[in-house]
1. Please count how many residues of the range 361-411 are of a type in the set (S, T, Y), within 27 Å of V52 (Cβ to Cβ) and surrounded by fewer than 19 Cβ atoms within 10 Å (Cβ to Cβ).
2. I'd like to check something: does the range 416-426 contain any residue that is under 24 Å from A316 (Cα atoms), surrounded by fewer than 18 Cβ atoms within 10 Å (Cβ to Cβ) and not assigned by TED's automatic domain parsing to the domain that holds P129?
3. When only residues in the range 37-80 that are in a loop (DSSP other than H, G, I, E, B) and within 16 Å of the ligand (Cβ to nearest atom) count, which is surrounded by the most Cβ atoms within 10 Å (Cβ to Cβ)?
4. How about the range 427-445: which of its residues are under 17 Å from C66 (Cα atoms) and either in contact with a Phe, Trp or Tyr (Cβ under 7 Å, 6 or more places away or on another chain) or buried (at least 19 other Cβ atoms within 10 Å of the Cβ) (or both)?
5. In this structure, is V107 among the aliphatic types (A, V, I, L, M), away from the ligand (no atom under 16 Å from the Cβ), within 26 Å of the chain's Cα centre (by Cα) and not in a strand (DSSP E or B)?
6. List pairs: first residue in the range 233-248 and closer than 16 Å to T272 by Cα, second residue not in a helix (DSSP H, G or I) and not hydrophobic (A, V, I, L, M, F, W, C) anywhere in the structure, Cβ distance under 6 angstrom, at least six positions apart or on different chains.
7. Which of the following residues is over 30 Å from I138 (Cβ atoms), surrounded by fewer than 24 Cβ atoms within 10 Å (Cβ to Cβ) and among the acidic types (D, E): E205, E231, E227?
Amino acid sequence: MTEDKPVSRLFRGGRIFDGRQFHENSEIRCGGDGLVVEVGQNLTPAPEDEIVDIEGHLLMPGLVDCHVHFREPGLERKEGYSTGSAGALHGGVTTVLEIQNNPPLMVSRELLEAKLEGLKGVSRVDYAPYGSLTLDAIGALAGMTSLCPAVKCFLGCSTGAGGVKSRDEMKALFTEAAGAGIQVVAHCEDNAVMERASQIASPDEALRHDFMRPSEAEIVSIRDAIEVAEEVGTRLHVFHISSEAGARLVVEAAKQGFPVTGSTAPHYLLLTGDEAHEAPENRMKVNPSVKSPDDRRGLAKLLGEGLLPVVGTDHAPHPLDEKRRPYSKAPSGFPSVDILLPLMFAVADRHDLPLETVLSAVTSAPAEEFGLSGKGALAPGCSADLVLVDTESVFQVDESLLPSRSKWSPYHGWELRGRPLKVWLRGRPVWDGSGPVGVPLGRPLFPK
Ligand SMILES: [Zn+2]
């Protein structure tokens, strides 16, 4: 049944994760206004409360994925918010921060307004698209700041983006963002380093993505970006860091007091360059490339220590027939928002990390990083975005059952745990374990 209004509920009989820590034998009350009323033990239900027995399962905040590509408007044949947001719910995600990297790029207030308006009644999750930081946005940023969490800058070329051409151009863009008081989120890979790699590659090396896009490309680019950000006073967040050395540059800058932060992605914590190279159909070809086992371990260590506290998927849907092209012609990126929560359980299990630290990376940490108050946490006044999770049963990923449009996954066949059983958005049921429930209820988070 679809609810017109959220019903007040008392959830009891299980465990609660509040975005930071676990509470055993705890309960949570949510009001008819779609907000959390209280979290604690032995709560007294209000007369109108529906009592929900969560049967020993885990109840936690809806996940915040701070990095997805849904390609709407313009390239809905690859995804769109309708299928993308259904996939998000399948992965336990109730908020997406989304990057437009196909035309039209979000370089003006008018384009952002049109995008936000066009997604009403389409998205099943709350959404906040980033602005696009390119030369076309110069002069327009001041008008965009109230409509987006940050602006995205491609410092290296990637599928759908040419990248910044020079340090002078980067400086002009970062200066503009600093002037508008908006954070820059960046894809860091250096075009010159990648160009050099392609010139010296043997025929075999030229087929290896981690040779053509080596760690050095990321390290040089992050170093440059930090230098320029410090020089002109820009707040900088480096997305999807793939190398330990790259992450350590960000950690070091933050230690020195600069407003520099970063995030990684599940694939850099779960895959290796060898696996990516051997995967059929370029399924694990992604930018930045997946790196070495040492990088994977190093990134996981930094995540566990709270020094690299945010994870976003970089969900990048492409039809499989495009991925099947010869290596150099296949697009980079793959879908993954649709299994984000199970992937995070895998990260915790494989690296023996505290589950609360790993789950914080996709709940409270991204919400705090991008100023999304009331999201990613369960405390009085927070949005009642809830995921009920079966933390124990193992299931096998079947790509044909995933709701996002691509119908393929680099994780097809993997055995994972942590499947979302039910999802609520602002107190309304939106996912029942097998599919979306009711009409799309997603709202824009900006303007606030
Ligand atoms: Zn991306």
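1. 3
2. Yes, the range 416-426 contains a residue that is under 24 Å from A316 (Cα atoms), surrounded by fewer than 18 Cβ atoms within 10 Å (Cβ to Cβ) and not assigned by TED's automatic domain parsing to the domain that holds P129.
3. F70
4. G442, P444, L445 - these are the residues of the range 427-445 that are under 17 Å from C66 (Cα atoms) and either in contact with a Phe, Trp or Tyr (Cβ under 7 Å, 6 or more places away or on another chain) or buried (at least 19 other Cβ atoms within 10 Å of the Cβ) (or both).
5. So V107 fits the description; yes.
6. Here the result reads H240/D314; I241/G262; I241/T264; S242/P288; S242/K291; S243/K291, each pair linking the range 233-248 to a residue that is not in a helix (DSSP H, G or I) and not hydrophobic (A, V, I, L, M, F, W, C).
7. Unique residue meeting the criteria: E205.
Residue by residue, here is whether (1) more than 28 Å from P259 (Cα to Cα); (2) free of Cβ contacts under 8 Å to residues at least 24 places away in the same chain holds:
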| position | (1), (2) |
| --- | --- |
| L341 | yes, no |
| M344 | no, no |
| D352 | yes, yes |
| E356 | no, no |
| V362 | no, no |
| E368 | no, yes |
| L372 | no, no |
| C382 | no, no |
| D398 | yes, yes |
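The values are calculated or read from the model by the stated rules, or taken from the named source; none is laboratory data. Please read all numbers here as calculations on a predicted model, not as lab measurements. A quick note on method: Cβ atoms are made from the backbone with ideal geometry, for glycine too, and the neighbour counts reach across all protein chains shown.
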